[in-house]
1. Top mean-square fluctuation among 93, 29, 63, Gaussian network model of the chain, C-alpha springs under 10 Å?
2. Which whole-number percent of Cα pairs in the chain have a distance greater than 20 Å?
3. Just to confirm the filter: which chymotrypsin sites (Phe, Trp or Tyr not before Pro) across the stretch 1-52 are DSSP coil and have at most 12 other Cβ within 10 angstrom of their Cβ?
4. First measure r as the distance between the Cβ atoms of residue 43 and residue 114, then evaluate 1/(1 + (r/R0)^6) with R0 = 35 Å and state the FRET efficiency to the nearest 0.05.
5. Treating the angle as unsigned and between 0 and 90°, give the value, to the nearest 10°, between the Cα long axis of helix 72-82 and the longest Cα principal axis of the chain.
6. Applying 1/(1 + (r/R0)^6) with R0 = 30 Å to the Cβ-Cβ distance of residue 9 and residue 82, what FRET efficiency is obtained, to the nearest 0.05?
7. If the only charges are +1 at each Lys and Arg Cβ and -1 at each Asp and Glu Cβ, what is the size of the charge dipole of the chain around the Cα centre, to the nearest 20 debye?
8. In the Gaussian network model of the chain, springs joining C-alpha atoms below 10 Å, which of 114, 68, 97 carries the largest mean-square fluctuation?
Amino acid sequence: GIECLSRGAKKVIFIENYKEVLPILRTNLISLNSINNYEIVEKNAYEINTLSKINEKFDIIFLDPPYKDKNVEIFLNNIFKEKILNPNGIIILHRHKDTRDFISSNFKIIEEKKYGISKIIFITNLY
């Protein structure tokens, strides 16, 4: 998100539930100087009402849950239900290379790349 802002993104919304990360995120955002087109939502991204209260549609959604997190399907289903990804939008999912996540039939995997212990999965919606 910070990289997107530094490259001219119109707006970035960070959804963060991990309290220890929030001060670091705020410090890094402040260091961008005069960039204020962001919002921090301090909620659990998996709760359905978290996405329903965000009145935005996105071209890019970057998901970087903890490697051990097994609830990615819940978040993807919430994205689909709330229709927050634009028709030509992309979801970028960062996971451990050995993680096997279920990707709902509402989405299509475009590409998957492995880098060291990580993999990046590029997903588009089918609605």
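1. Judging by the Gaussian network model, the answer is 29.
2. Counting pairs separated by more than 20 Å, the tail of P(r) holds 47 percent.
3. 18
4. In this case the efficiency is close to 0.70.
5. So the helix axis and the longest Cα principal axis differ by about 80 degrees.
6. 0.90
7. The dipole of the chain has a size of about 180 debye.
8. Fluctuation is largest for 68.
Values in this text are rule-based calculations from the coordinates and carry no lab data. If you're wondering where the values come from, they're calculated on a predicted model, not measured in any experiment. Glycine also receives a Cβ, built like all others from the backbone with ideal geometry; neighbour counts cover every protein chain displayed.
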